[in-house]
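The values are calculated or read from the model by the stated rules, or taken from the named source; none is laboratory data. Note that the structure is a prediction, hence the values are computed from the model and not measured. Backbone-built Cβ (ideal geometry, glycine too); neighbour counts: all protein chains shown. Protein only, heavy atoms only, side chains kept; ligands, DNA and RNA dropped before computing areas. Shrake-Rupley method; radii C 1.70, N 1.55, O 1.52, S 1.80 Å.
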Amino acid sequence: MKLKEKIIQHFEGKVVRKDLTALVKGNNPVPVYVLEYLLGQYCAIDDEEVIKSGVEKVKNVIRDNYVHRSDAEIVKAKIRNAGSYKIIDKINVRLNDTQANIYEADFANLGLHKVPIADQMVLDNPKLLSGGGVWCILTIGYSHADDISMRWLIVDLKPIQVANVNLAEYVAIRKEFTSDEWLDLLMHSIGLNPESFNKRGKFIQLSRLIPHVENNYNFIELGPKGTGKSHIFSELSPHGVLVSGGDVSKARLFVNNTSKGAIGLVGYWDVVALDEFEQEKGSKRTDGDLVKIMQNYMANQSFNRGKETYQATASMAFVGNTKHNVPYMLKNSHLFESIPDGYIKGAFLDRMHMYIPGWEVRILKSSVFSNEYGFIVDYLAELLREMRKSDFSGLLDGKITLDSSLTTRDKTAIRKSFSGMVKLLYPDQIVTDEELLELLDFCVEGRKRVKDQLYIIDETFKSEPVEFKYTIKSSGKEVFPETLENLNYSAAIQVKKETEDEEINISETSTPVVNLKPHQTILKDNQTGISYKKLFADYLKGATNITIQDPYIRMPYQFKNLLEFCIMLGNNKELDQEINLEVVSNNDQEFIADSIANFEELQESVLDLGINLTFRMENHHDRFIAADNGWKITLGRGLDIFEKTEGRFNVADIDQTKRKCKSCELTYLRM
């Protein structure tokens with residue numbers, strides 16, 4: 001059964017086709033969760049006629065009821081003439097505690113202020129008081145009476161969010177999907193086409209949801225512009241609020257001492273995200289007291305204002321742009337260099353549970369957006385909110401032991417990140433050991449990225465260095481996760497050094513001694529600095545008969561990989577040496593002729609390199625390279641280890657070390 005059919009079978013009425021959102025949104029500045037709430041009323045089914053009719057209904061609702069600021073006076077006239085009228089607007093409520101002693105609402109787009117609202121409406125929807133505003137469907141009335149001071153009145157109000165969800169049902173249905181299918185369903189749900197991302201890329205995108213599923217989670221993502229860093233925090237949940245990083249204050253975030261102790265954003269929202277969290281020229285100086293209060297809150301889930309101590313569960317997310325590329329930052333500064341100076345303090349940054357490498361996220365283009373079915377985001381948001389009550393980190397206890405050198409904050413960060421990822425991907429808590437370790441590595445890396453920078457920013461952290469490793473209890477194996485940017489930067493330095501050494505050695509007759517040992521190499525998604533030369537050249541030196549078995553040399557780019565492998569062999573041998581290269585591959589019966597034609601063309605092309613290529617079409621699963629010099633290399637993905645390059649002019653087309661890798665394992669054995 002295809003994923004689409006499986007999604008509709010199990011979640012009909014709770015999913016929507018994601019391209020419909022863009023279809024009805026147009027130029028309206030309406031959050032996705034508002035639009036999908038409406039689409040869910042009319043289009044949550046796989047029936048083209050129903051969808052077509054539903055889209056028109058939603059368009060009509062947006063046209064007739066959504067308030068554009070430019071049309072505010074026209075809408076007011078409609079309300080006055082009709083006596084009452086239904087609108088969609090964002091409202092914010094305050095208590096007028098003067099003699100009036102009433103709650104009053106301000107309308108973001110309609111432009112009305114201090115409109116009385118019934119106490120019961122506020123009691124039923126306390127988030128109206130948060131200061132962040134809530135999108136609602138409202139019926140607004142108008143009174144023509146002579147003896148009143150306020151003619152506008154709120155007749156009916158309904159916040160735009162689903163009434164209830166069944167978490168037990170959601171968890172039970174999870175077992176109907178494979179891990180990859182569920183991962184792709186979540187990608188569709190946040191509006192992205194999973195085919196445009198490798199697994200690591202999917203993890204990075206979905207990690208933005210951890211603050212929505214974990215209480216008091218501290219998250220930061222810095223990267224280039226245009227990668228969708230703030231989208232999830234502004235569009236995908238009615239329980240999160242996005243504010244400009246330059247527009248925050250103690251009163252707005254925590255408590256307003258001048259307004260009789262009014263609680264700020266952290267008291268009402270599940271997630272408070274600070275956008276544009278970066279140092280700009282001419283920007284106002286960071287409030288040191290705000291940093292201290294936030295620092296205390298991020299550590300203790302509480303904050304003090306005046307004599308009072310307040311508790312809250314809001315997660316904090318910080319998203320901003322980087323100013324330099326990663327190699328520059330690693331060499332000359334640190335990965336927090338772009339945030340406001342007042343926040344570059346070891347004690348504050350040590351509270352971060354995960355730092356997501358936003359520089360690995362590609363700039364969003366139309367091709368990466370989903371046009372398939374995913375959860376209605378409001379439905380998903382309610383499920384995530386419900387799961388905030390649980391802690392899934394206990395799954396680690398029977399499987400691994402974190403190194404004793406790690407601080408309590410390090411361990412808490414890793415465990416909270418892991419708990420959040422499990423809630424997203426394995427809400428039924430059924431996870432294999434391999435899947436558990438895969439998530440753990442990702443979460444350890446996210447915390448290690450923070451700690452690596454702290455050693456640079458604050459010298460005191462160097463006095464008690466920690467080792468980011470864990471031990472697998474079943475085998476006793478020690479694992480040392482490393483950040484991808486450190487691996488890539490080290491590899492780039494090594495490539496440069498090797499190139500310089502080659503230039504120095506051109507005039508030398510002696511050949512450097514290479515000590516080759518059986519071992520395993522693990523490549524990570526998006527890793528760079530890798531080439532066929534680096535992986536294979538030393539182990540194939542001197543071989544005259546080489547066999548490659550790879551059943552998936554089928555597509556044009558895979559034949560190009562084989563050609564590049566042959567070029568590496570040609571450069572790796574003596575000029576007068578010949579190599580017999582046998583390739584064992586396969587293809588579907590209908591495409592066998594195409595494969596044979598490609599192999600025959602390749603045969604002729606590499607002959608001048610001194611490579612005699614032969615091929616056999618046979619059905620085998622294993623992938624390896626075997627050479628008559630005694631080495632065999634098993635290949636997890638065959639030669640297909642590189643991600644597809646983007647654009648027509650990309651340096652990675654020419655230089656393999658600049659390409660991003662796909663995750664795989666290679667094992668080097670002596671025969």
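Yes/no matrix, rows are residues, columns are (1) more than 30 Å from Ala251 (Cα to Cα); (2) in a strand (DSSP E or B):
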| position | (1), (2) |
| --- | --- |
| Lys127 | no, no |
| Ile137 | no, yes |
| Ile140 | yes, yes |
| Ala145 | yes, no |
| Ser149 | yes, no |
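Name the one entry in Thr139, Thr178 that is surrounded by fewer than 13 Cβ atoms within 10 Å (Cβ to Cβ) and either within 17 Å of Leu112 (Cβ to Cβ) or within 32 Å of the chain's Cα centre (by Cα) (or both). Talk me through it step by step, then tell me what you get.
Numbers: Thr139 fails: surrounded by fewer than 13 Cβ atoms within 10 Å (Cβ to Cβ).
Exactly one residue qualifies, and that residue is Thr178.
Among the residues of segment 580-613 satisfying the criterion of being β-branched (Val, Ile, Thr) and in contact with a helix residue (DSSP H, G or I) (Cβ under 8 Å, 6 or more places away or on another chain), which is farthest from Asn629 (Cα to Cα)?
Of segment 580-613, the ones β-branched (Val, Ile, Thr) are 583-584, 592, 596, 606, 611.
Going one step further and asking which of them are in contact with a helix residue (DSSP H, G or I) (Cβ under 8 Å, 6 or more places away or on another chain), we end up with 583, 606, 611.
On the way: Val583: 17, Val606: 21, Ile611: 16 Å.
Looking at the filtered set, the residue picked out is Val606.
Select from segment 324-367 the residues that are closer than 15 Å to Ile456 by Cβ and within 19 Å of the chain's Cα centre (by Cα) and list them in ascending order.
The answer is Val326, Leu335, Phe336, Met352, Tyr355.
Among the residues of segment 157-172, is there at least one that is open to solvent by 40 Å² or more (accessible area, probe 1.4 Å), modelled with pLDDT of 95 or more, over 20 Å from Tyr33 (Cα atoms) and part of a loop (DSSP other than H, G, I, E, B)?
No - not one qualifying residue is present in segment 157-172.
Every residue in segment 617-636 that is closer than 11 Å to Ala543 by Cβ and under 36 Å from the mean Cα position of the chain (by Cα), please.
Correct list: Ile625 only.
List every residue pair whose Cβ atoms lie under 7 Å apart, where the two residues are 6 or more positions apart in sequence or sit on different chains, the first residue falls within segment 167-192 and is in contact (Cβ under 8 Å) with a residue 40 or more places away in the chain, and the second residue, located anywhere, is β-branched (Val, Ile, Thr) and outside any helix (DSSP H, G or I).
Lys175/Ile430
Which of the residues spanning segment 472-481 are surrounded by fewer than 16 Cβ atoms within 10 Å (Cβ to Cβ) and of a type outside the set (A, V, I, L, M, F, W, C)?
Those that are surrounded by fewer than 16 Cβ atoms within 10 Å (Cβ to Cβ) and of a type outside the set (A, V, I, L, M, F, W, C): Lys473, Ser474, Ser475, Gly476, Lys477, Glu478.
Being touching a Ser or Thr at 6+ places or on another chain (Cβ under 7 Å), free of Cβ contacts under 8 Å to residues at least 60 places away in the same chain and open to solvent by 10 Å² or more (accessible area, probe 1.4 Å) is the filter here, so list the residues in segment 399-433 that pass it.
The one that is touching a Ser or Thr at 6+ places or on another chain (Cβ under 7 Å), free of Cβ contacts under 8 Å to residues at least 60 places away in the same chain and open to solvent by 10 Å² or more (accessible area, probe 1.4 Å): Arg415.
Phe442 fails exactly one of the following numbered conditions: (1) open to solvent by 60 Å² or more (accessible area, probe 1.4 Å); (2) of a type in the set (Phe, Trp, Tyr); (3) under 18 Å from the mean Cα position of the chain (by Cα). What is the number of that condition?
(1)
For segment 91-101, does any single residue satisfy the condition of being polar (S, T, N, Q) and within 35 Å of the chain's Cα centre (by Cα)?
Yes, some residue in segment 91-101 is polar (S, T, N, Q) and within 35 Å of the chain's Cα centre (by Cα).
Looking for whichever is of a type in the set (A, V, I, L, M) and closer than 24 Å to Asn164 by Cβ here; the options are Leu402, Leu424, Leu395. Which one fits? Lay out the reasoning, then the answer.
Working: Leu402 fails: closer than 24 Å to Asn164 by Cβ; Leu395 fails: closer than 24 Å to Asn164 by Cβ.
Sole residue among the options that is of a type in the set (A, V, I, L, M) and closer than 24 Å to Asn164 by Cβ: Leu424.
Can you tell me which of (1) farther than 20 Å from Asp156 by Cβ; (2) modelled with pLDDT under 90 is the one Gln41 doesn't meet?
Failing condition for Gln41: (1).
Any idea which of (1) closer than 21 Å to Met187 by Cβ; (2) free of Cβ contacts under 8 Å to residues at least 24 places away in the same chain is the one Gly394 doesn't satisfy?
(1)
Under the condition of being part of a helix (DSSP H, G or I) and surrounded by 21 or more Cβ atoms within 10 Å (Cβ to Cβ), which residue from segment 208-235 is modelled with the lowest pLDDT?
Within segment 208-235, the subset part of a helix (DSSP H, G or I) is 210-213, 231-235.
Now narrow it down to the ones that are surrounded by 21 or more Cβ atoms within 10 Å (Cβ to Cβ): 210-213, 232-233, 235.
On the way: Ile210: 98, Pro211: 97, His212: 97, Val213: 97, Ile232: 89, Phe233: 91, Glu235: 85.
Per the stated criteria, the residue is Glu235.
If you scan segment 181-203, which residues turn out to be under 17 Å from His231 (Cα atoms) and open to solvent by 30 Å² or more (accessible area, probe 1.4 Å)?
Passing the criteria: only Asn193.
For segment 445-459, name all the residues that are under 23 Å from Leu484 (Cβ atoms), in contact with a helix residue (DSSP H, G or I) (Cβ under 6 Å, 6 or more places away or on another chain) and open to solvent by 10 Å² or more (accessible area, probe 1.4 Å).
Hits for segment 445-459 are Tyr455, Ile457.
Being in contact with a Leu (Cβ under 6 Å, 6 or more places away or on another chain) and in contact (Cβ under 8 Å) with a residue 40 or more places away in the chain narrows it down to one of Ile579, Ile625, Ile611, so name that one.
Working: Ile579 fails: in contact (Cβ under 8 Å) with a residue 40 or more places away in the chain; Ile625 fails: in contact with a Leu (Cβ under 6 Å, 6 or more places away or on another chain).
Selected residue: Ile611, the only one of Ile579, Ile625, Ile611 that is in contact with a Leu (Cβ under 6 Å, 6 or more places away or on another chain) and in contact (Cβ under 8 Å) with a residue 40 or more places away in the chain.
Which condition breaks for Met298 when tested against (1) in contact (Cβ under 8 Å) with a residue 12 or more places away in the chain; (2) more than 30 Å from Ser490 (Cα to Cα); (3) part of a strand (DSSP E or B)?
Against the list (1) in contact (Cβ under 8 Å) with a residue 12 or more places away in the chain; (2) more than 30 Å from Ser490 (Cα to Cα); (3) part of a strand (DSSP E or B), Met298 comes up short only on (3).
Go through segment 111-136 and count every residue that is among the small types (Gly, Ala, Ser) and either under 18 Å from Trp269 (Cβ atoms) or open to solvent by less than 20 Å² (accessible area, probe 1.4 Å) (or both). Don't jump to the end; show me each part of the working.
Initial filter on segment 111-136 (among the small types (Gly, Ala, Ser)): 111, 118, 130-133.
Then keep just the ones that are either under 18 Å from Trp269 (Cβ atoms) or open to solvent by less than 20 Å² (accessible area, probe 1.4 Å) (or both); that gives 130-133.
Result for segment 111-136: 4.
Among the helices (runs of 4 or more DSSP H) lying completely within segment 30-99, list those that include at least 3 residues that are open to solvent by 60 Å² or more (accessible area, probe 1.4 Å). So that I can check it myself, show each step before the final result.
Details: elements: 32-42, 48-65, 72-82.
Ranges flagged: 48-65, 72-82.
Could you grab me the full set of residues in segment 5-24 that are of a type in the set (S, T, N, Q) and either in contact (Cβ under 8 Å) with a residue 12 or more places away in the chain or part of a strand (DSSP E or B) (or both)?
Kept after step one, since they are of a type in the set (S, T, N, Q), are these residues of segment 5-24: 9, 21.
Of everything in segment 5-24, just one residue is of a type in the set (S, T, N, Q) and either in contact (Cβ under 8 Å) with a residue 12 or more places away in the chain or part of a strand (DSSP E or B) (or both), namely Thr21.
Conditions first: (1) out of contact with any Phe, Trp or Tyr (no Cβ under 8 Å at 6 or more places or on another chain); (2) assigned to a strand (DSSP E or B); (3) among the hydroxyl-bearing types (Ser, Thr, Tyr). Thr657 passes all but one, so which condition is the exception?
Here Thr657 clears every test but (2).
When Ile506 is evaluated against the numbered criteria (1) at pLDDT below 95; (2) surrounded by 11 or more Cβ atoms within 10 Å (Cβ to Cβ), which criterion, by number, is the only one it fails?
For Ile506, the exception is condition (2).
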